[in-house]
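Asker: Here it is: the structure, laid out below.
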Amino acid sequence: MTIVVGAGLAGLTCAKVLAEAGRPFLLLEAAGRPGGRVVSDRTPEGFVLDRGFQVLLDSYPAARRHLDLAALGGGRFRAGAMFVGYGQPRTLENPLRRPAALLGALRGDVLGFGDQLRISALAVQAFFGVGRGGDVSTGALLRRYGFSEGFLVRFARPFFGGVLLDPGLETSAQLFLSYFQRFVTGRALLPGQGIGGIAEQLSAQLPKGAVRYGTRVEELLLERGRVRGVRLSGGERVDGETVVLAVDEPAVCRLLATGNPRPARGTAVHYFAAERAFHEGAWLCLPPRREQSPVLHAALLTNVVPGLAPAGAHLWSATVMPEHPRAADTEFVGTEVTSWFGACVEELRPLSFVRVPYAVPEQLPGCDRRAPPWSALPAGMHIAGDAACGASIDAVMASGEAVAKKVISSGAHN
């Protein structure tokens, strides 16, 4: 039997592929529900709050293989962004969808004409899969392309700094380019039941009795260099000739009793209720990146999926830099959001401040070639999830799929 540890998206996808192949498995999850870091909570009033601002790109290949996107419901963001904090809000759209919008709508008063041409060229390269980042940071790559400091402040840091959870743009340029390609060729989707709907859909496809929630794995059982099962927190032993660790890097290092995990990048988001929509359209709002403000970006989520709030209400999310001294200052963040649209801070009612200390591992240049923080794995042991791959929804799903196929091809099924 195969034991899969962790019911995040990597573990769920691994279990799904094993189930489809008729391979016996047991999926063990310490939490009381599936999803790991990709979960949603519903308030008593009926607001759906994700564990941090997250979207699913409909251009993700692994997601398209394993998810029924239509059944997830929900809606999609416009392919672009709304620039706020410069007076009248202005919009920028994907140049491959509306070229005229890129060259005419902003009139150069938010992004310079040269930066508009550069991002158009970069988008075309991304669409055709052309361009290499090299062993440099995202910021260094953008400067190499000739983008101005104004572009970094007004677009790259709030938009991709939010996507990568790295406003300093220190993340690998190769990773940035892979994200950018997916944004150019697809749309950002919000499921109808929140981002947690992804995990719910995957878990619903697993056999009954093959998943145990509220079950923490404390120890790997090894014999003569081979894994033989796991021991649970209550002392129970579960035997298995194959074990897949689909947990975060700190948990992998703990269970293997070796190595030091990479530093984590966190995220934090304020959720607000409003009685009216401050603008039209399903836009991501980008303010200029200012040292005195923690806000990276914000979104009126009910313009994308009305069902994320009770009837007649609206739901805002504002993503902030978690380590900023004013990150938890609800009044400051609410005042900034309302100022973009000439509204009063009293029009926003705070719902929740969600802080996620470990959202993704740090992914600096060369991360794809780094040696893992553990030595050679015991026979029968596999690693899936962002401990072994990039930290995107698609990457972790693809890693779970790849590990499952390796288990299947090895013939391990007892």
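Quick note: the coordinates plus some simple rules give every number you see, no bench work behind them. Here the structure is a predicted model, which means the values were calculated and not measured. Here the Cβ positions follow ideal geometry from the backbone for every residue, glycine too, while neighbour counts run over all protein chains shown.
Asker: With a 10 Å Cβ neighbour count serving as the proxy for reagent exposure, in which order, fewest first, do Glu249, Glu346, Glu219 appear?
Answerer: With the sparsest Cβ surroundings first, the list reads Glu346, Glu219, Glu249.
Asker: How big is the shadow of the Cα convex hull of the stretch 3-75, averaged over all directions, in nm²?
Answerer: Convex hull of Cα atoms, orientation-averaged projection: 6.2 nm².
Asker: Now a separate question. Taking each pair of different alpha-carbon atoms in the chain once, compute 1/r for the pair, average those values, and report the inverse of that mean as the Kirkwood hydrodynamic radius in Å to one decimal.
Answerer: Computed over Cα pairs of the chain, the Kirkwood hydrodynamic radius comes out at 22.3 Å.
Asker: Follow-up. Calculate one ³J(HN,Hα) per residue across the stretch 282-298 by plugging θ = phi - 60° into the Karplus curve 6.51 cos²θ - 1.76 cosθ + 1.60, and present them in order as whole Hz with x for glycine and proline.
Answerer: The phi angles translate into 8, 10, 8, 8, 10, x, x, 6, 10, 4, 7, 10, x, 6, 8, 7, 8 Hz.
Asker: If I model a spin label at Leu232 and Asp368 as a point 7 Å from the Cα along the Cα→Cβ vector, what separation in nanometres do I get?
Answerer: 4.0 nm
Asker: Using helices alone, what [θ] at 222 nm do you get for the chain, with -39,500 (n - 2.57) per DSSP H run of 4 or more residues, divided over all residues and rounded to the nearest 500?
Answerer: After summing the helix terms and dividing by residue count, I get -7500 deg cm²/dmol.
Asker: Sort 366-372, 384-390 for me by packing, meaning the mean count of neighbouring Cβ atoms within 10 Å per residue, highest on top.
Answerer: Averaged packing, sorted descending, gives the order 384-390, 366-372.
Asker: Still on this model: Note down the magnitude of the dipole of the chain about its Cα centre, charges +1 on Lys and Arg C-beta and -1 on Asp and Glu C-beta and zero elsewhere, to the nearest 20 debye.
Answerer: Taking the Cα centre of the chain as origin, the dipole is about 880 debye.
Asker: Hey, how many Å between the Cα centroid of the stretch 27-79 and the Cα centroid of the stretch 160-221?
Answerer: If you average the Cα positions of each part, the centres end up 8 Å apart.
Asker: Once label points are set 7 Å from the Cα along Cα→Cβ at both Ala257 and Glu223, what is their separation, rounded to one decimal in nm?
Answerer: Once both label points are built, they end up 1.7 nm from each other.
Asker: Ranked highest first by the average count of other Cβ atoms within 10 Å around their residues, in what order do 301-312, 140-151 fall?
Answerer: Highest-to-lowest ranking by the protection proxy: 301-312, 140-151.
Asker: Amide H of Ala79 versus every other amide H placed in the peptide plane: which residues, excluding those fewer than 5 positions away on the same chain, fall under 5 Å?
Answerer: Hits under the 5 Å cutoff: Asn94.
Asker: Let me ask another. So, R0 is 51 Å and r is the distance between the beta-carbons of Arg276 and Lys208; what FRET efficiency does that work out to, to 0.05?
Answerer: Approximately 0.70, to the nearest 0.05.
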